[in-house]
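Below you'll find the structure, written out as structure tokens, and then a few comments.
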There are 2 protein chains.
Amino acid sequence: MTEAKSGPLRVGVAGLGTVGGGVLKLLQEHRKDLALRLGREIIVTAVTARDAKKDRGVDLSQVTWLPDAVAVANATVVDVFVELIGGEEGPARIAVEAALKAGKPVVTANKALLAHHGAGLAVLAEKRGLALKFEAAVAGGIPVIKALRESLASNRIARVSGILNGTCNYILSLMQAEGRTFEDVLAEAQAKGYAEADPTFDIGGFDTAHKLAVLTSLAFGTRVSLKDVYIEGIEGIRAADIEAAEELGYRIKLLGVAQRTETGIEQRVHPTMVPVGSAIAAVNGVTNCVAIDADYAGSLTLVGPGAGARATASSVVADLIDIARGDTSPPFGVPAAKLAPYRQAALKAHAGGYYVRLSVYDKPGAFAAITTRMAEQTVSLESIVQRKTRNATGGPVPVIMITHETTEQAIRTALDKIEADGHVNEKPQMIRIERV
Amino acid sequence: MTEAKSGPLRVGVAGLGTVGGGVLKLLQEHRKDLALRLGREIIVTAVTARDAKKDRGVDLSQVTWLPDAVAVANATVVDVFVELIGGEEGPARIAVEAALKAGKPVVTANKALLAHHGAGLAVLAEKRGLALKFEAAVAGGIPVIKALRESLASNRIARVSGILNGTCNYILSLMQAEGRTFEDVLAEAQAKGYAEADPTFDIGGFDTAHKLAVLTSLAFGTRVSLKDVYIEGIEGIRAADIEAAEELGYRIKLLGVAQRTETGIEQRVHPTMVPVGSAIAAVNGVTNCVAIDADYAGSLTLVGPGAGARATASSVVADLIDIARGDTSPPFGVPAAKLAPYRQAALKAHAGGYYVRLSVYDKPGAFAAITTRMAEQTVSLESIVQRKTRNATGGPVPVIMITHETTEQAIRTALDKIEADGHVNEKPQMIRIERV
């Protein structure tokens with residue numbers, strides 16, 4: 001510890017986008033306070049970015065510009081490497097590996113890199129006794145990585161879940177608050193810069209899945225396994241679903257859920273109906289939240305900003321502070337070589353209630369045929385709402401059902417048969433209900 | 001770090017009440033998992049407690065019983081001392097000082113010790129490069145000490161507030177949910193063991209004040225100053241206030257609030273009306289929550305169990321894990337010698353809305369006299385509700401007022417004059433409103 005605390009901590013930053021700019025700004029603005037707390041300064045000595053001329057609102061006169069990320073990682077003036085480039089391969093991966101091989105601790109905000117190569121990078125870091133830290137990779141300013149790695153390190157975790165993507169939550173919140181369609185709200189989010197021009201990574205649930213895979217490893221001491229995350233996005237949510245949820249006392253949120261089951265660990269990302277009075281239902285807009293069920297600590301919920309330059313910079317600098325203080329503990333809590341293989345639970349064994357919305361041809365016998373298909377799979381119904389016919393020509397009418405607890409297998413089989421029977425004019429909508 | 005990580009960490013525990021028993025149970029139950037994470041075992045080697053014969057549901061056959069806490073602190077088989085005795089003076093303080101003087105890091109759950117002697121103990125610890133850790137002293141299983149000390153170390157904090165006492169929140173939640181009186185619910189809480197036989201420390205707001213004083217020091221880098229906390233308890237809250245709050249769209253919570261103002265730092269504990277839709281209003285029963293406003297991280301809210309053997313044990317063991325990993329950073333984040341003197345803000349400068357309930361003699365002119373007194377202090381009223389007369393004899397009737405934002409000085413002066421005018425038959429009720 002004594003050795004680690006002597007002299008300033010010299011930081012090299014690769015990538016000066018929104019987050020990188022925020023990190024430099026924070027380190028300059030709170031330089032004195034940080035030095036007071038740590039007994040040493042944290043100073044940025046080298047950077048690389050695509051555009052050296054762009055005004056980032058920070059003084060870069062004392063900083064060495066280098067041609068690429070690997071040059072920053074290897075620079076003699078750099079003690080710790082901060083990777084803010086993004087992407088699972090390419091310069092981000094190459095430079096992080098270079099830094100670790102050069103004996104330098106790494107801070108990264110790169111969820112894709114961790115979800116794909118986290119275990120391997122942890123091995124590289126631990127072999128050399130180096131920190132590899134990534135608080136900013138999941139849930140922005142919420143200190144959930146530290147909570148799982150450190151505060152809850154003595155607990156057996158049963159479940160970790162949360163709203164991990166601000167774009168999706170913004171869209172769903174606005175659909176709910178203003179009764180607008182998905183397409184309409186998405187267009188607005190894109191115009192405002194809350195959603196990308198190609199929004200697939202966010203709205204398809206992939207961003208949430210990456211973050212969830214990292215949380216799963218930390219919570220359960222298993223190797224990161226992104227490929228085993230079941231993923232459904234929010235693109236299929238209709239205004240009719242939001243409206244029905246409202247009437248039934250629910251809100252629709254895109255949740256990432258990882259939990260222990262008897263058969264293994266279940267990782268899933270999908271739209272979820274949560275009771276309107278629950279804490280998670282009150283998390284609106286770009287705010288994120290993470291709920292953790294731990295055997296000793298109990299149920300913890302952390303709520304805060306999921307993205308943004310300032311919140312993410314706060315998490316990056318928190319990691320730098322830990323490194324400045326000499327922290328070299330394993331990146332995923334458990335030493336990488338001892339992370340258990342990920343054992344996937346069959347999602348079909350998931351048990352819970354379901355919301356189903358069908359668009360049913362209004363013909364004699366249709367309703368009876370549908371409820372019979374449900375009964376065949378022993379799916380029992382808590383409530384059924386058949387809206388009044390929109391036309392008198394036998395055209396489709398919406399039918400909404402809430403089931404009692406049943407299995408994924410049973411509900412899917414019933415809906416497949418209902419669809420095959422030809423009583424509906426579009427694929428049945430099915431949303432899981434969680435009593436969070 | 002290397003040296004710190006070799007061999008088991010040998011723990012001495014003074015006090016085997018609820019929390020102490022939980023710590024021993026946790027360390028036994030998760031012994032292997034912890035050793036896997038840390039690369040070293042955490043084992044309890046020595047204990048002391050009033051009753052050595054009591055069955056605590058844990059195996060104590062390998063543990064050395066010692067006559068008192070100081071003996072545990074000084075025992076050669078003890079590397080780290082855990083103080084779970086409680087109390088600001090006496091054996092707790094003496095043993096903690098003895099441990100630090102003997103060169104041993106300390107973990108304590110003792111909020112009173114920290115609120116009274118925190119800064120001095122921190123000096124003792126830092127002089128020797130030792131950890132003094134106290135995650136369990138505030139908000140039970142919620143990792144708020146670590147969040148402030150580490151995750152938010154690079155932030156300037158504007159405000160920290162929360163529900164920090166489970167007994168008060170249990171009583172207020174039950175009064176609200178079941179429309180019962182304070183006395184009735186308190187008696188039930190005492191019967192169930194949620195409240196002490198002498199409940200003053202909890203319901204008088206003193207427990208919350210101790211915890212708030214510790215959070216204030218961590219959040220603002222100032223010396224702990226318990227004596228400067230303004231304290232009001234919940235003993236004056238009537239069913240009529242709960243009912244009126246409900247009608248007006250609020251819940252009443254006992255909050256601890258510390259915030260920066262232009263004149264210094266304000267620390268206050270008092271019943272508070274919070275909007276019914278806010279996250280804090282949804283925190284019921286013995287659950288605690290802490291909300292933090294930070295300049296970079298933004299608004300964070302942490303919710304979880306505020307007490308209980310298991311949750312508190314989780315926090316104690318989290319501290320032991322940090323110590324096992326070699327953490328020796330300053331107890332209050334900023335080195336104790338550099339903590340700023342606490343500069344108190346005048347509470348009279350606090351600005352916000354107020355709820356006022358008066359019991360008014362139903363005589364001509366009373367209402368006009370009251371509203372005139374308000375106007376004289378330029379307190380403007382958002383709403384006034386005069387309930388219908390309960391009798392026809394000119395006896396007192398309840399009048400409820402909600403003010404627009406005003407100052408503590410103005411509202412107190414107005415209420416003092418109203419009381420002096422003789423139009424009310426009891427001291428006016430006044431509850432601050434916070435738009436959390």
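The values are calculated or read from the model by the stated rules, or taken from the named source; none is laboratory data. Everything numeric here is computed off the predicted structure, so don't read it as measured data. We place every Cβ from the backbone using ideal geometry, glycine too, and count neighbours over all the protein chains shown.
The table for this structure:
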item	result
Residue list for the stretch A:31-50, restricted to those being assigned to a loop (DSSP other than H, G, I, E, B) and touching a residue at least 12 places away in the same chain (Cβ under 8 Å)	A:GLY39, A:ARG40, A:GLU41, A:ALA49
Lone unmet requirement of (1) at pLDDT 95 or above; (2) among the hydroxyl-bearing types (Ser, Thr, Tyr); (3) surrounded by fewer than 24 Cβ atoms within 10 Å (Cβ to Cβ) for A:THR108	(3)
Neighbours by Cβ (under 9 Å, 6+ apart or cross-chain): first from the stretch B:270-281, more than 24 Å from A:LEU300 (Cβ to Cβ) and of a type outside the set (D, E, K, R); second at pLDDT below 95 and part of a helix (DSSP H, G or I)	B:MET273/B:ALA245; B:MET273/B:LEU248
Which listed residue, of A:LYS101, A:LYS111, is touching a residue at least 12 places away in the same chain (Cβ under 8 Å) and under 24 Å from A:ALA311 (Cα atoms)	A:LYS111
Selection within the stretch A:177-204 - among the hydroxyl-bearing types (Ser, Thr, Tyr) and within 25 Å of A:GLU246 (Cα to Cα)	A:THR181, A:TYR194
Qualifying residue in the stretch A:154-168 (condition: hydroxyl-bearing (Ser, Thr, Tyr) and either surrounded by fewer than 24 Cβ atoms within 10 Å (Cβ to Cβ) or more than 10 Å from every other protein chain (Cβ to nearest Cβ) (or both))	yes
Some residue of the stretch A:61-72 being surrounded by 15 or more Cβ atoms within 10 Å (Cβ to Cβ), assigned to a strand (DSSP E or B) and either touching a Gly at 6+ places or on another chain (Cβ under 8 Å) or not small (Gly, Ala, Ser) (or both)	yes
Hits in the stretch B:310-326 (condition: within 22 Å of the chain's Cα centre (by Cα) and either more than 17 Å from A:ARG149 (Cα to Cα) or at the interface with another protein chain (Cβ under 8 Å from one of its Cβ atoms) (or both))	B:ARG310, B:ALA311, B:THR312, B:ALA313, B:SER314, B:SER315, B:VAL317, B:ALA318
Among (1) within 16 Å of A:LYS427 (Cα to Cα); (2) at pLDDT below 95 - the single one A:LYS417 does not satisfy	(2)
Yes/no for A:VAL80 being under 30 Å from B:ALA337 (Cα atoms), aliphatic (A, V, I, L, M) and touching a residue at least 24 places away in the same chain (Cβ under 8 Å)	yes
Qualifying residues in the stretch A:126-148 (those that are buried (at least 24 other Cβ atoms within 10 Å of the Cβ) and within 17 Å of A:PRO105 (Cβ to Cβ)) - the one nearest to the other protein chains (Cβ to nearest Cβ)	A:GLU135
Filter result (under 16 Å from A:TYR296 (Cβ atoms) and among the hydrophobic types (A, V, I, L, M, F, W, C)) within the stretch B:18-43	B:VAL19, B:VAL23, B:LEU24, B:LEU26, B:LEU27, B:LEU34, B:ILE42
Only listed residue being under 28 Å from B:MET273 (Cβ atoms), in contact with a helix residue (DSSP H, G or I) (Cβ under 6 Å, 6 or more places away or on another chain) and not assigned by TED's automatic domain parsing to the domain that holds B:ARG40, chosen from B:ALA291, B:ALA318, B:ALA297, B:ALA324	B:ALA297
In the stretch A:248-259, residue surrounded by the fewest Cβ atoms within 10 Å (Cβ to Cβ) [restricted to those that are in contact (Cβ under 8 Å) with a residue 40 or more places away in the chain and out of contact with any helix residue (DSSP H, G or I) (no Cβ under 7 Å at 6 or more places or on another chain)]	A:LEU248
Qualifying residues in the stretch B:170-202 (those that are under 20 Å from B:CYS289 (Cβ atoms) and buried (at least 23 other Cβ atoms within 10 Å of the Cβ)) - the one farthest from the chain's Cα centre (by Cα)	B:MET175
Selection status of B:ALA213, modelled with pLDDT of 95 or more, in a helix (DSSP H, G or I) and either buried (at least 24 other Cβ atoms within 10 Å of the Cβ) or among the aromatic types (Phe, Trp, Tyr) (or both)	yes
Count - residues of the stretch A:332-378 that are within 14 Å of chain B (Cβ to nearest Cβ) and either part of a helix (DSSP H, G or I) or of a type in the set (A, V, I, L, M) (or both)	6
Of the criteria (1) facing chain B (nearest Cβ under 8 Å); (2) surrounded by fewer than 23 Cβ atoms within 10 Å (Cβ to Cβ); (3) in a loop (DSSP other than H, G, I, E, B), which one A:SER329 fails	(2)
One residue from A:LEU130, A:LEU124, A:LEU152 being assigned by TED's automatic domain parsing to the domain that holds A:ALA73, over 29 Å from A:GLY193 (Cα atoms), modelled with pLDDT of 95 or more and in contact with a Ser or Thr (Cβ under 9 Å, 6 or more places away or on another chain)	A:LEU130
Hey, A:GLY204 assigned by TED's automatic domain parsing to the domain that holds A:CYS289, without any contact (Cβ under 8 Å) to a residue 60 or more places away in the chain, of a type in the set (Gly, Ala, Ser) and touching a strand residue (DSSP E or B) at 6+ places or on another chain (Cβ under 8 Å) or not	yes
Selection count, the stretch A:226-247, where residues are assigned to a strand (DSSP E or B) and either more than 14 Å from the chain's Cα centre (by Cα) or crowded, with 21+ Cβ neighbours inside 10 Å (or both)	0
Residue selected from the stretch A:258-309 under the condition of a type in the set (S, T, N, Q), more than 27 Å from B:GLY140 (Cα to Cα) and touching a Leu at 6+ places or on another chain (Cβ under 7 Å), by the criterion nearest to the other protein chains (Cβ to nearest Cβ)	A:THR272
Out of B:VAL11, B:VAL80, B:VAL47, sole residue that is under 29 Å from the mean Cα position of the chain (by Cα), within 14 Å of another protein chain (Cβ to nearest Cβ) and aliphatic (A, V, I, L, M)	B:VAL11
Residue within the stretch A:250-269 that is assigned to a loop (DSSP other than H, G, I, E, B), modelled with pLDDT under 95 and over 18 Å from A:VAL290 (Cα atoms) present	yes
Leading residue by the ranking (nearest to A:ASP228 (Cα to Cα)) among those in the stretch A:88-135 that are within 18 Å of the chain's Cα centre (by Cα) and outside any helix (DSSP H, G or I)	A:GLU88
Flag if A:ARG343 is of a type in the set (Lys, Arg), modelled with pLDDT of 90 or more and closer than 25 Å to A:ALA115 by Cβ	no
